[in-house]
Amino acid sequence: MDAEKSSSSSFEDLSNLNEQERAELASSVPAPAEPNEQPSTSEQTDKPESEAKATEESESECMDILGNGTLLKKVLKKGRSELRPESKDLVTVSYTGRLEDGTVVEEQSNAVVQIDDVEVVQGLDMALKLMNEGEVAEVIVNPRFAYGELGVKDPTEQDPVIRTVPPNATITYTVELVSMREESDIEARTYASRKEIGNRKRLRGNFWMKRQEYNLAIQSYRRALEYLDDTVSAGGMMESGSAGSVELSTAELQDLLEDRMKVYNNLALAQLKISAHEAALKSVDHVLKCQPNNAKALYRKGKILDAKGDTAGAITLLQKAATIDVDDKLIQSELSKLILKSKREARNERDLYQKMLGQAQKLEQKTKAPPAAQTTESSKIMMWGYLVGTILIGVVGVAMYRYNNP
């Protein structure tokens, strides 16, 4: 039953009644009024006005999607069906984004967007799942779910339709969900289609990387790999066509491999930025397994090992990368930093060892020999003992002599 219609107590859904129920209902309906029995003027006008008012109020209501006022949606035109897109569905949308002063900052017509793949700002992505096919809505997106504190300084290669957006800007979108369809199986797509979609998602990942939205970048890169990973059989990667399965050429396979390596390299960097070191190592090893002399991958892995505390291993990898790409100043600079860091760590370790060794030697000396001050004090006490003893003996001798010779 239509949710909006069922909310009205004056509406009944008769679409599912059988013939018997329809007959019973018809028999219970009063006979129509005679021609001269017209309803009163108030009855004629009150009902349409109340229904129009109720419809207007329901359409003007704002949906607080997250419950905290940061993402609002208002229906401007109802959809032609009750169907709503789900995750990974492909939707065709037309939208315009405006600032609070009315300045247009984003505009697109009949763009194909994949739900939950962050191909538009997060707020709009979430709102699309709550729209019916054919619906036109107004979506007010808080900066947190739009372009945040950074804003957008100028259009990029990945998003030429985005104009300058100031920091912390609330954007109001007028969006129409033109059509929707389910995502087809990736394996059934042609080589050209997979390559085009995979690279589009890779570029979207680069967009989020530049904005330091690393989790969103990782999401885009993982989706890109789903399209760019090849399906390998004994005869190589195959694609379906009108003439049956066709084996891809060596050049096509190599081209796909190059695109995949770019994604894995960038994915490793994004994972390193959020300190997901083990995941980053797995990503960069995908590259080095296929391209052991990939200078960028060697550099990335060196950075990961350094972050894990393996400075020596990092230096070895960066030295190899520097010999492969002798003109890369970034590799040279990072290698110099690591060498200085290694020397500093070695010096600190040596100083700490010497300090510990010195303390151990002092402790051993204290255990073997008493302090000099203590030895001198003991000698003085012994001298006074001898002196007093001698005096006592002399006095006792004099006393005994006088006693025996009065």
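Residues in the range 336-357 that are in contact (Cβ under 8 Å) with a residue 24 or more places away in the chain and not charged (D, E, K, R): Leu338, Ile339, Ser342.
Against the condition open to solvent by 10 Å² or more (accessible area, probe 1.4 Å), over 21 Å from Pro167 (Cβ atoms) and in contact with a Cys (Cβ under 9 Å, 6 or more places away or on another chain), how does Lys74 come out, does it pass?
Values: open to solvent by 10 Å² or more (accessible area, probe 1.4 Å): yes; over 21 Å from Pro167 (Cβ atoms): yes; in contact with a Cys (Cβ under 9 Å, 6 or more places away or on another chain): yes.
So Lys74 passes the test.
The single condition among (1) open to solvent by 60 Å² or more (accessible area, probe 1.4 Å); (2) within 19 Å of Thr170 (Cβ to Cβ) that Val112 does not meet is (2). Which condition does Ala268 not pass, out of (1) modelled with pLDDT under 95; (2) within 28 Å of Asp116 (Cα to Cα), if it passes all the others? Of (1) modelled with pLDDT under 95; (2) within 28 Å of Asp116 (Cα to Cα), only one is false for Ala268: (1). Answer yes if at least one residue in the range 172-182 is open to solvent by 20 Å² or more (accessible area, probe 1.4 Å) and assigned to a loop (DSSP other than H, G, I, E, B), and no otherwise. Among the residues of the range 172-182, at least one is open to solvent by 20 Å² or more (accessible area, probe 1.4 Å) and assigned to a loop (DSSP other than H, G, I, E, B), which makes the answer yes.
Looking at the range 269-297, which of its residues are of a type in the set (A, V, I, L, M, F, W, C) and without any contact (Cβ under 8 Å) to a residue 24 or more places away in the chain? Ala276, Ala279, Leu281, Val284, Leu288, listed by residue number. Candidates Lys201, Lys210: the one that is basic (Lys, Arg), surrounded by fewer than 17 Cβ atoms within 10 Å (Cβ to Cβ) and under 25 Å from Lys273 (Cβ atoms) is Lys210.
Which one is surrounded by the fewest Cβ atoms within 10 Å (Cβ to Cβ) among residues in the range 87-109 that are in contact (Cβ under 8 Å) with a residue 60 or more places away in the chain and of a type in the set (D, E, K, R)? Ranking the qualifying residues of the range 87-109, first place goes to Glu100.
For first residues located in the range 125-153 and under 11 Å from Lys74 (Cα atoms), partners that are among the charged types (D, E, K, R) and lie 6+ apart or on another chain with Cβ distances below 6 Å form the pairs Ala127/Lys73; Val136/Lys77; Val136/Glu176; Ala137/Lys73; Glu138/Lys74; Val139/Lys73.
With a cut-off of at least 2 residues that are open to solvent by less than 80 Å² (accessible area, probe 1.4 Å) and within 19 Å of Met209 (Cβ to Cβ), name the helices (runs of 4 or more DSSP H) lying wholly within the range 267-352. Give the steps one after another, and end with the answer.
Details: elements: 277-290, 295-307, 311-324.
In the range 267-352, the matching helices (runs of 4 or more DSSP H) lie at 277-290, 295-307.
The values are calculated or read from the model by the stated rules, or taken from the named source; none is laboratory data. As the structure is a prediction and not an experimental result, all values here were calculated from the model. Cβ atoms come from the backbone with ideal geometry, glycine included; neighbour counts cover every protein chain shown. To get the accessible areas, we keep the full protein, side chains included, count just its heavy atoms, and leave off ligands, DNA and RNA. Shrake-Rupley method; radii C 1.70, N 1.55, O 1.52, S 1.80 Å.
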